[in-house]
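Enquirer: Have a look at this one before I ask anything.
The values are calculated or read from the model by the stated rules, or taken from the named source; none is laboratory data. Everything quoted here is computed from the prediction, not taken from an experiment. Here the Cβ is made from the backbone with ideal geometry for all residues, glycine too, and neighbour counts use every protein chain on show.
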């Protein structure tokens, strides 16, 4: 049985140790891509698609787009991989038959050079363009997306799609934004709060894709990776699956879900009918260091509230830019501007005390000393509680006619 470990801890460890070989399951790719085609059936038509940081011989991204090349009307598909020696895999190098039986096989390059696969024509004269028409060669370098060689491919592409290395997520997104390309990539849910990501979400430059959390239920990992998590498994094909349930798709491609309005109850009705005991009993606490209320559940956003509200980061999975405006992020003083600084703050947890300076970087509201974790400070005479990271939002003015 797999060891029980935190799903977030697995990705955190992966970033620290640069264990980046997480292969996306075919079904997850298919489910996500369909949502963009449902919104715009021509989203990939006549487009050059680049799949960097991929591994064409093992990756399902390459398989999926190659198999659907004609169906989607793709102009050209390009896929690149890192050299084996750039990967942190503690297992013997496994040479594929695809490479070893090819006349292009070069023993001196197989471990040190990345590979490039391209698809743009019916090379085997079968009458259709599919995965059997993929052409390949060794890259001049190791396949690093930051190399001039791969940058050139980036500049040629219209859309970039991949599951980038978790340890290099910030740098990879900046690499895409530098070239002003359309994209669809996978990242940890925590990336929402990155200072390199949140401003892009706030400005409606990028947004969440169609699926997050359990939608991406697990990744295929190499044999050398430890299987963490109670839901980790080996599937019927022998693939080792790590179940994180803590990832999302990030994109700037339009899809219909982000334009679906949230159906909500009024402030008064939430206090009376909410399915959440916390809302019924405690209502909506006002922050002590910012002029806004705390809303601990997305489905409890009061439809008639005209001020600013702090909501869970998972709200972004339901965020409709036509209905709401993002104001800030309560997980960094520079991202929301606290109205109060607490002097000599102390954290109280399970009867022990420690430095509480963290509350000067987050949203807090009044609580009681009965809380398992609370803060005190020299310039306030009441205990404080810091909820999980909050997105600060308000209803857009054009929706005021729908607000009581």
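Enquirer: Regarding residue 141, is this residue at pLDDT below 95, assigned by TED's automatic domain parsing to the domain that holds residue 55 and farther than 20 Å from residue 115 by Cβ?
Expert: Judged against the criteria, residue 141 is not a match.
Enquirer: Examine the range 317-329 for a residue that is part of a helix (DSSP H, G or I) and in contact (Cβ under 8 Å) with a residue 60 or more places away in the chain, and state whether such a residue exists.
Expert: Yes, because at least one residue in the range 317-329 is part of a helix (DSSP H, G or I) and in contact (Cβ under 8 Å) with a residue 60 or more places away in the chain.
Every residue, every condition in (1) more than 17 Å from residue 253 (Cα to Cα); (2) in contact (Cβ under 8 Å) with a residue 12 or more places away in the chain, yes or no:
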residue: 141; (1), (2): yes, yes
residue: 147; (1), (2): yes, no
residue: 195; (1), (2): yes, yes
residue: 204; (1), (2): no, yes
residue: 208; (1), (2): no, yes
residue: 211; (1), (2): no, yes
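Enquirer: Looking at the range 151-172 only, could you name the residues that are within 19 Å of residue 29 (Cα to Cα) and buried (at least 17 other Cβ atoms within 10 Å of the Cβ)?
Expert: 159, 160, 161, 162, 163, 164, 165, 166, 169 - these are the residues of the range 151-172 that are within 19 Å of residue 29 (Cα to Cα) and buried (at least 17 other Cβ atoms within 10 Å of the Cβ).
Enquirer: Something else about it: Report, by residue number, each residue of the range 338-357 that is surrounded by 17 or more Cβ atoms within 10 Å (Cβ to Cβ) and in contact with a helix residue (DSSP H, G or I) (Cβ under 8 Å, 6 or more places away or on another chain).
Expert: Matches in the range 338-357: 338, 342, 345, 347.
Enquirer: Any residue at all in the range 205-228 that is at pLDDT 60 or above, over 25 Å from residue 59 (Cβ atoms) and in a loop (DSSP other than H, G, I, E, B)?
Expert: Yes, the range 205-228 contains a residue that is at pLDDT 60 or above, over 25 Å from residue 59 (Cβ atoms) and in a loop (DSSP other than H, G, I, E, B).
Enquirer: A follow-up question, please. Would you check which residues across the range 13-65 are surrounded by fewer than 18 Cβ atoms within 10 Å (Cβ to Cβ), under 17 Å from the mean Cα position of the chain (by Cα) and at pLDDT below 75 and list them?
Expert: Result: 13, 15.
Enquirer: Kindly provide the set of residues from the range 294-316 that are farther than 16 Å from residue 258 by Cα and outside any loop (DSSP other than H, G, I, E, B), ordered by number.
Expert: Residues satisfying the conditions are 294, 300, 309, 310, 311, 312.
Enquirer: Sticking with this structure for a sec: Out of the range 127-155, which residues are out of contact with any helix residue (DSSP H, G or I) (no Cβ under 7 Å at 6 or more places or on another chain), more than 26 Å from residue 171 (Cβ to Cβ) and in a loop (DSSP other than H, G, I, E, B)?
Expert: 127 - this is the single residue of the range 127-155 that is out of contact with any helix residue (DSSP H, G or I) (no Cβ under 7 Å at 6 or more places or on another chain), more than 26 Å from residue 171 (Cβ to Cβ) and in a loop (DSSP other than H, G, I, E, B).
Enquirer: Sticking with this structure for a sec: For residue 270, only one of the following conditions fails: (1) closer than 26 Å to residue 247 by Cα; (2) out of contact with any strand residue (DSSP E or B) (no Cβ under 6 Å at 6 or more places or on another chain). What is its number?
Expert: Going through (1) closer than 26 Å to residue 247 by Cα; (2) out of contact with any strand residue (DSSP E or B) (no Cβ under 6 Å at 6 or more places or on another chain) one by one, residue 270 breaks only (1).
Enquirer: Let me ask you something else. Can residue 334 be described as at pLDDT below 95, out of contact with any strand residue (DSSP E or B) (no Cβ under 8 Å at 6 or more places or on another chain) and farther than 24 Å from residue 278 by Cβ?
Expert: It is true that residue 334 is at pLDDT below 95, out of contact with any strand residue (DSSP E or B) (no Cβ under 8 Å at 6 or more places or on another chain) and farther than 24 Å from residue 278 by Cβ.
Enquirer: Go through the range 132-147 and report how many residues are out of contact with any strand residue (DSSP E or B) (no Cβ under 8 Å at 6 or more places or on another chain) and closer than 26 Å to residue 70 by Cα.
Expert: 1
Residues checked against (1) within 25 Å of residue 192 (Cα to Cα); (2) part of a loop (DSSP other than H, G, I, E, B); (3) under 25 Å from the mean Cα position of the chain (by Cα):
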{"residue": "338", "(1), (2), (3)": "yes, yes, no"}
{"residue": "359", "(1), (2), (3)": "yes, no, no"}
{"residue": "369", "(1), (2), (3)": "no, yes, no"}
{"residue": "381", "(1), (2), (3)": "no, yes, no"}
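Enquirer: Here is a follow-up. Of the conditions (1) assigned to a loop (DSSP other than H, G, I, E, B); (2) in the same structural domain as residue 26 (by TED's automatic domain parsing); (3) at pLDDT 95 or above, residue 291 satisfies every one except a single condition; which number is it?
Expert: All conditions are met except number (2).
Enquirer: In addition: So, of the residues in the range 71-87 that are assigned to a loop (DSSP other than H, G, I, E, B) and surrounded by 15 or more Cβ atoms within 10 Å (Cβ to Cβ), which turns out to be modelled with the lowest pLDDT?
Expert: Across the range 71-87, the extreme among qualifying residues is 87.
Enquirer: Does residue 118 count as under 17 Å from residue 72 (Cβ atoms) and out of contact with any helix residue (DSSP H, G or I) (no Cβ under 9 Å at 6 or more places or on another chain)?
Expert: Yes: the conditions hold for residue 118.
Enquirer: Please find, among 276, 255, 259, the residue that is modelled with pLDDT of 90 or more and crowded, with 20+ Cβ neighbours inside 10 Å.
Expert: Step by step, each of 276, 255, 259 is checked, and only 255 is modelled with pLDDT of 90 or more and crowded, with 20+ Cβ neighbours inside 10 Å.
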